[in-house]
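Contents: one structure, followed by commentary.
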Amino acid sequence: GKEPLRVLVTGAAGQIGYSLVPMIAKGMMLGQDQPIILHLLDIEPAMEALNGVKMELIDSAFPLLKGVVATTNAMEACEDVDIAIMVGGYPRKEGMERKDVMSENVSIYKDQAAALEMNAAPNCKILVVANPANTNALILKEFAPSIPEKDITCLTRLDHNRALGQISEKLNVDVSYVKNVILWGNHSSTQYPDVNHATVITDSGEKSVNELVADDQWLKTEFITTVQQRGAAIIKARKLSSAMSAASAACDHIRDWVLGTPKGTWVSMGVYSDGSYGIPSGLIYSFPVTCEKGEWSIVQGLKIDEFSREKMDATAKELIEEKAIAHSCLN
Ligand code: NAX
């Protein structure tokens, strides 16, 4: 059989962690033939809860799970990891300014960048989930200069999947027949879910979502705001933020990155901009990507209309502002 892969989950005592670790241990992230050693990191106040998660992992008797390391030491947690899923972060508390939350997270991501750089396996693939996800990933990159840009990404797959879900509901078609939506930009309320290139697989071939929905008004307004504000709707309903869907999206992100996207299908990932589609380089921005042999590449040559251009630039502008706030926290 295969050698086990070491998968780090930070913030593993939190609610996304609780949904995510059993998915990984059941092979939903790296496949049914891939043994796993889980590395779980959290902070001292959560250590008891983290040990509880470790106990439940043992009690689940997952055949693929070959070991669990549970620790509050970032250096130890990062030792030889092949995949790092960064879920741990400082939550926004009532009365806190955006800058204060940013400042807490910048210092966390600065430290964890150093731990990954020193201890992770070469070519470790990193996914930042914790908010502000794009900017945390950017800070991680800046403080881990030896980790290649291509190995540092952030999660926008949840937003991508939410867009697939809304189209599937609207057209009353199986979600697996909907493909090639795009989530552009920041994982925030300025994100732009775009269906201009999306299709549905039907008995008579692939049809454009624009044509099938045949309601430009809905696509340009309600669809976009529903996807953008879905996180808030979940909090309102559950009194807790999205966890199951976030964990599932993190599995999708890593699975497609490592094992490849199906032919003719792209997915959305927050990746280092190379200037594609006029998005400034030096930002972690969500693009449509295809993956092959463990490498993502941005889908090129899509036609961008004026409506999309404006929305893509607005979310880029917000990321430039976040980057400036993050940098001001470093002084
Ligand atoms: P929880 O508060 O339940 O869990 C966070 C965990 O991180 C806690 O156990 C905490 O002790 C731990 N932690 C704090 N500082 C840490 C550090 N320095 N090192 C290691 N662990 C640390 O939050 P949860 O609901 O699990 O959400 C986690 C993060 O995901 C949040 O930042 C949240 O905003 C973000 N999200 C991002 C999404 C995305 O699509 N990118 C969607 C879901 C989610 O909102």
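Could you pull out every one of the lysines with an alpha carbon less than 18 Å from that of Lys207, ignoring same-chain neighbours closer than 8 positions?
Straight-line reach from Lys207, under 18 Å: Lys170, Lys179, Lys263, Lys303.
Please label the shape of the chain as rounded, prolate or oblate, based on the square roots a ≥ b ≥ c of the eigenvalues of the alpha-carbon gyration tensor (a/c under 1.5 means rounded; beyond that, a/b larger than b/c means prolate, else oblate).
prolate
Mind listing which trypsin sites (Lys or Arg not before Pro) in the stretch 84-140 are in a DSSP loop and have 14 or fewer other Cβ atoms within 10 Å?
Here the trypsin sites (Lys or Arg not before Pro) that fit, given the DSSP loop and packing criteria, are Lys93.
If you rank Thr72, Thr315, Thr156 by fewest surrounding Cβ atoms within 10 Å, what's the result?
Starting with the residue having the fewest Cβ neighbours, the order is Thr72, Thr315, Thr156.
Less than 11 Å Cβ to Cβ from Leu8, Lys/Arg counted +1 and Asp/Glu -1: what total charge do the surrounding residues give?
Residues near Leu8 contribute -2 overall.
Are there trypsin sites (Lys or Arg not before Pro) in the stretch 285-316 that DSSP puts in a loop and that have at most 12 other Cβ atoms within 10 Å, and which ones?
In loop regions of the stretch 285-316 (DSSP not H, G, I, E or B), the sparsely surrounded trypsin sites (Lys or Arg not before Pro) are Lys293, Lys303.
Using each residue's phi in the stretch 121-126, evaluate 6.51 cos²θ - 1.76 cosθ + 1.60 at θ = phi - 60° and report the 3J(HN,Hα) Karplus result to the nearest Hz, with x for Gly and Pro.
5, x, 6, 4, 8, 10
Going by a ≥ b ≥ c, the root eigenvalues of the Cα gyration tensor, does the stretch 172-325 fall in the rounded group (a/c under 1.5), the prolate group (a/b larger than b/c) or the oblate group?
Judged from the Cα gyration tensor, the stretch 172-325 comes out rounded (a/c under 1.5).
Once R0 is set to 45 Å, what does the formula 1/(1 + (r/R0)^6) return for the Cβ-Cβ distance between Ser168 and Lys66, expressed as a FRET efficiency to the nearest 0.05?
So the FRET efficiency works out to roughly 0.75.
For the stretch 53-58, what does the Karplus curve 6.51 cos²θ - 1.76 cosθ + 1.60, with θ = phi - 60°, yield as ³J(HN,Hα) per residue in whole Hz, taken in order and with x for Gly and Pro?
4, 4, 4, 5, 5, 4
Given a Förster radius of 25 Å and the C-beta distance between Glu117 and Val175 as r, what FRET efficiency does 1/(1 + (r/R0)^6) yield to the nearest 0.05?
0.05
Could you name the lysines in cross-link range of Lys150, using Cα to Cα under 18 Å and dropping any fewer than eight places away on the same chain?
Lys150 reaches Lys125, Lys141, Lys293.
At a threshold of 8 angstrom on Cα-Cα distance, excluding pairs fewer than six apart, so keeping six or more, what relative contact order does the chain reach in percent?
About 17 percent, as a whole number.
From the phi of every residue in the stretch 64-76, what ³J(HN,Hα) in whole Hz does the Karplus formula 6.51 cos²θ - 1.76 cosθ + 1.60 yield, where θ is phi - 60° and glycine or proline is x?
Result, ordered by residue: 7, 8, 9, x, 9, 10, 10, 8, 10, 9, 4, 4, 5 Hz.
As I understand it, the value is the acute angle between the Cα axis of helix 306-329 and the longest principal axis of the Cα atoms of the chain; what does it come to in degrees, rounded to 10?
Helix 306-329 and the main axis of the chain meet at about 20 degrees.
Take the chain, connect every pair of alpha-carbon atoms lying under 10 Å apart with a spring to form a Gaussian network, then pick out the residue of Ser308, Ser60, Ser188 with the largest mean-square fluctuation.
Greatest mean-square fluctuation among the candidates belongs to Ser60.
Using only Cα atoms and rounding to the nearest 10 degrees, what angle (0 to 90) does helix 98-119 make with the longest principal axis of the chain?
So the inclination is approximately 60 degrees.
Using helices alone, I'd like the mean residue ellipticity at 222 nm for the chain: each DSSP H run of four-plus residues gives -39500 (n - 2.57), total over residue count, nearest 500.
-13500 deg cm²/dmol
Quick one: grab the alpha carbon gyration tensor of the stretch 180-257, order the square roots of its eigenvalues as a ≥ b ≥ c, and give me rounded if a/c is under 1.5, else prolate or oblate depending on whether a/b is larger than b/c.
Verdict is oblate for the stretch 180-257.
Cut-off under 13 Å on the C-alpha distance; same-chain residues fewer than 8 positions from Lys2 excluded. Which aspartates and glutamates are left, in chain and number order?
Asp33
Please list, in chain and number order, the residues 5+ apart from Leu8 or on another chain whose amide H is under 5 Å from its amide H, with Hs placed from the backbone.
Distant-sequence amide H within range of Leu8: His39, Asp82, Ile83, Ala84, Ile85.
Taken together, the values in this text are just the output of simple stated rules run on the coordinates, not laboratory data. If you're wondering where the values come from, they're calculated on a predicted model, not measured in any experiment. Don't worry about glycine lacking a Cβ; one is built from the backbone with ideal geometry, like all the others, and counts go over all protein chains shown.
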